[in-house]
Every structure is written in structure tokens, then in C-alpha cells.
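The values are calculated or read from the model by the stated rules, or taken from the named source; none is laboratory data. It should be emphasised that the depicted structure is a prediction, and the values quoted were computed from it without experimental measurement. Cβ placement follows ideal geometry from the backbone for every residue including glycine, while neighbour counts extend to all protein chains displayed.
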Amino acid sequence: MTEQIYKKFGVDDENHIIIAGPCSAETREQVLATAAGIADIPHINIYRTGIWKPRTKPNSFEGVGAKALPWLKEVKEKYKLKTAVEIAKPEHVEICLEHPESIDIVWLGARTTGNPFSVQAIADSLKGVDIPVMIKNPINPDLNLWIGATQRIINAGITNIIAIHRGFYPFSETHLRNIPKWEIAIDYRMQYPEIPMINDPSHISGSRKYVYEIAQRALNMNFNGLMIETHITPEKALSDAKQQITPKALNELLNNLNFRKKSFDSPQFLDLLQNYRDQIDSIDYQLLELLSKRMEIIKKIGKYKQQYNVSIFQLKRWMDILNSRIDFSKQFNLHEPFVKKILKPVHEEAIRLQIEIINDKKKSAP
Ligand code: PEP
Ligand code: MN
């Protein structure tokens with residue numbers, strides 16, 4: 001299935017899916033000049049742009065709408081690029097479907113994915129057609145909204161889907177416009193392993209400065225590609241001016257990125273990898289065995305405390321455990337927040353088991 005999705009998006013499944021283009025289509029000249037720059041870069045075959053722009057505040061530039069259709073037709077014809085635009089309403093879908101000469105692919109933006117009514121209305125308008133659809137994560141760090149939107153699009157009969165990870169509302173001040181929360185992207189990929197996922201470092205960064213760093217991080221994590229906002233004169237852009245880069249900068253950025261291979265077919269590589277994995281497996285099983293032993297002793301302590309009517313949670317003992325384990329792990333170069341993070345659920349489980357002992361006792365009391 002993944003192979004078929006790649007074909008529909010015009011990408012060879014050995015390659016990464018690289019999508020570039022301006023945040024918004026502004027003028028014919030800007031659309032075409034940006035496309036000309038992008039078309040010269042190897043491995044880019046999808047041109048993105050917004051023609052209907054969902055803006056946080058009114059009276060901002062809201063896109064040129066259907067006026068951009070002839071410009072996108074020219075992009076397709078002159079530069080042999082596939083074109084993708086954001087859709088937010090059934091009317092947008094209708095216009096895109098009526099103009100296959102201008103638009104190949106559509107995507108749901110972050111503000112739309114977060115709204116089940118809008119997603120359902122769009123899904124209904126997509127029924128019975130076979131246009132590739134990309135689904136950005138919602139603004140809220142809520143995996144289920146993203147999954148739900150995907151289900152609605154799948155239920156409409158769309159088989160060619162790509163997920164786009166564009167980060168989440170940060171809630172507090174950060175250097176990035178949106179925080180990546182990579183773990184949510186990983187959870188999504190676990191639910192839909194057959195759906196390629198690409199990363200949008202532009203909307204995560206919010207600034208040209210961080211686009212490279214986020215893009216590399218995504219590639220290290222085996223994302224299937226990137227969507228990077230590219231504008232012929234970024235500083236003059238009518239939307240997202242700070243995060244867009246020129247086609248020239250995009251070319252350099254792509255040349256500097258390390259595109260890791262999904263795997264490497266050499267027998268020596270696979271042998272050693274398997275060897276490492278066997279060692280990890282063995283260590284994991286030992287860890288689980290040790291945890292189980294620890295919990296058996298906890299049960300004994302629980303019964304003992306019960307017998308002498310001593311309280312379960314002992315603050316001093318917990319602080320000693322935490323501090324001594326953190327001190328001990330320093331010699332092994334274990335990251336302190338990680339050690340804290342794993343000790344907490346172990347302690348919580350110990351408390352839970354001891355409470356269970358009290359409850360069992362109550363149940364069996366005459
Ligand atoms: C965009 O791609 O220009 C856009 C509006 O993105 P998002 O929906 O991720 O905010
Ligand atoms: Mn944008």
C-alpha cells in the first residue's frame with residue numbers, strides 16, 4: 001500500500017517525499033518564479049501553496065482563492081511539478097476537483113484537523129473521488145483528533161494519504177513556533193504504519209533559523225519526507241515571512257541534510273545490527289525479570305507494614321531512593337531526568353501494589 005501511495009504522489013518509494021512552495025500564492029509572478037527555482041532542485045516534485053488561508057485574526061491576507069488556478073496550471077505545465085493546496089471547506093474541494101489541470105493533491109490544515117465537523121464535511125465532499133490527501137496534525141497535542149480525521153478521510157474511500165507533522169501549540173514561550181512533540185508523531189505512525197509521514201519544519205520553527213535543525217531531526221527519526229515553505233522573496237511574503245526560505249537556500253539546505261537510508265542491505269551490516277538487537281532483547285528481558293523480583297519484595301513489605309499498621313508512603317525513604325539512584329547512575333552517564341522519569345512509575349507501582357494488599361485484606365475480612 002505504501003508503495004502505491006508514493007506512486008500517486010509521484011515519488012519513487014526509495015526516495016523521500018520533498019514538498020516545497022510558498023506559504024501563500026500571492027501573484028502569478030511570485031508563484032512562477034518560486035516554481036522555477038524549485039524545479040531546478042533534484043528530487044522535488046510537489047509544489048505546495050495556500051490559496052485559501054486560515055488566518056488567526058481577521059483582516060490578514062486570506063489568500064487569492066480560485067484566481068491562482070491558472071497560475072498553478074502553468075506551474076504544472078512548465079515545471080512538471082505536482083501541485084498541492086490546503087482545503088478547509090467542501091467548496092474548496094469542489095473547486096479543486098473541477099480543476100485537475102491545476103491541482104493534483106489537497107491537504108487538511110492544522111486548524112481543520114482539529115475540527116471534526118469540518119473534517120467530516122470535507123470527507124463527505126471527497127466521497128467517490130481518488131485525489132491524494134495530506135493530513136496535518138491538529139494544533140492541539142491530541143493524537144485522537146489526528147487519528148479521527150484520518151479515519152474520516154479513509155472512510156470516505158481515499159486511499160492515498162500522507163500525514164504531515166507540523167508541531168503543536170506550545171502553551172508556553174519557546175524558541176519554536178510550535179513544539180514538535182515527536183512522541184505524538186511516533187504514536188500516529190504506530191497506528192498507521194502504512195501511511196507515510198512527512199515533517200513540516202517550517203511551521204515547527206516559525207523562523208528560518210531552525211528549519212535545518214528540525215528537518216535533520218525528522219530525517220534521523222526516519223520520517224518519509226519534508227514539506228518546506230519556500231518563497232522567491234521570503235521577507236516580502238504576505239504570510240509566514242519569517243519562516244520561509246528562498247529556493248537557493250532550500251537547495252543548500254537539502255544538500256547539507258543527511259538523508260539516512262531506511263536500512264542497508266549488506267549482510268555484515270545486518271549481522272551486526274541483529275547482534276546488537278539480540279543484546280537489547282536479552283537486557284530487556286532481564287530488566288523485566290528484575291522488576292518482577294522487586295515487586296515481589298514490595299508485596300512482602302506491604303504485608304509487613306500492614307501487620308504493624310505502618311503507612312505505605314514514606315517520604316524520607318522515597319527521597320533516599322531517588323537521590324541514591326541518581327547519584328549511583330552518574331558513574332554510568334545516565335541522563336538524570338531519564339533516571340528520575342523511570343523511577344517514578346516504579347515507585348507508583350509499588351504504592352499501587354501495597355494499596356491492593358490493604359484492599360484484599362478488607363475484602364477477605366469477615
Ligand atoms: C500552511 O501550511 O501554510 C499552514 C497554514 O499550515 P498549518 O495548517 O500547519 O498551520
Ligand atoms: Mn504557512
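Points to keep in mind about this one:
- Residue in region 84-103 that is within 20 Å of the chain's Cα centre (by Cα) and away from ligand 2 (no atom under 16 Å from the Cβ) present: no
- In region 222-248, the residues that are touching a residue at least 24 places away in the same chain (Cβ under 8 Å), more than 23 Å from the chain's Cα centre (by Cα) and within 16 Å of ligand 2 (Cβ to nearest atom): His231, Ile232, Thr233, Pro234, Ala237, Leu238, Thr246
- Taking the conditions (1) within 16 Å of ligand 2 (Cβ to nearest atom); (2) among the hydrophobic types (A, V, I, L, M, F, W, C); (3) surrounded by fewer than 20 Cβ atoms within 10 Å (Cβ to Cβ) in turn, Val211 satisfies each one other than (3).
- Single condition Ser172 does not satisfy, out of (1) polar (S, T, N, Q); (2) crowded, with 21+ Cβ neighbours inside 10 Å; (3) modelled with pLDDT under 95: (2)
- Scanning region 322-339 for residues that are assigned to a helix (DSSP H, G or I) and out of contact with any helix residue (DSSP H, G or I) (no Cβ under 7 Å at 6 or more places or on another chain) yields a count of 7.
- Among residues of region 184-200 that are buried (at least 17 other Cβ atoms within 10 Å of the Cβ), those with a Cβ under 6 angstrom from a residue that is of a type in the set (S, T, N, Q), sequence gap 6+ or separate chain, pair up as Pro196/Asn224; Met197/Asn224; Ile198/Asn224.
- Condition met for Ile147 (of a type in the set (A, V, I, L, M) and either modelled with pLDDT under 95 or more than 16 Å from ligand 2 (Cβ to nearest atom) (or both)): yes
- Subset of region 148-168 [surrounded by fewer than 18 Cβ atoms within 10 Å (Cβ to Cβ) and within 20 Å of the chain's Cα centre (by Cα)]: Gly148, Gln151, Ile154, Thr159
- Some residue of region 57-75 being among the β-branched types (Val, Ile, Thr), away from ligand 2 (no atom under 16 Å from the Cβ) and at pLDDT 95 or above: yes
- Condition met for Pro180 (more than 16 Å from ligand 2 (Cβ to nearest atom), on the phi < 0 side of the Ramachandran plot and touching a residue at least 60 places away in the same chain (Cβ under 8 Å)): no
- The condition (being modelled with pLDDT of 95 or more and over 22 Å from the mean Cα position of the chain (by Cα)) is satisfied by just one residue among Gly50, Gly37, Gly21: Gly37.
- Residues within region 28-43 that are within 16 Å of ligand 1 (Cβ to nearest atom) and in contact with a Gly (Cβ under 9 Å, 6 or more places away or on another chain), tallied: 3
- Among the residues of region 77-134, those that are surrounded by fewer than 19 Cβ atoms within 10 Å (Cβ to Cβ), in contact with a Ser or Thr (Cβ under 8 Å, 6 or more places away or on another chain) and charged (D, E, K, R) comprise Lys89, Glu94, Asp130.
- Residue satisfying condition, being within 15 Å of Ile131 (Cβ to Cβ), touching a residue at least 40 places away in the same chain (Cβ under 8 Å) and either outside any loop (DSSP other than H, G, I, E, B) or of a type in the set (Val, Ile, Thr) (or both), within set Ala68, Ala84, Ala35, Ala20: Ala84
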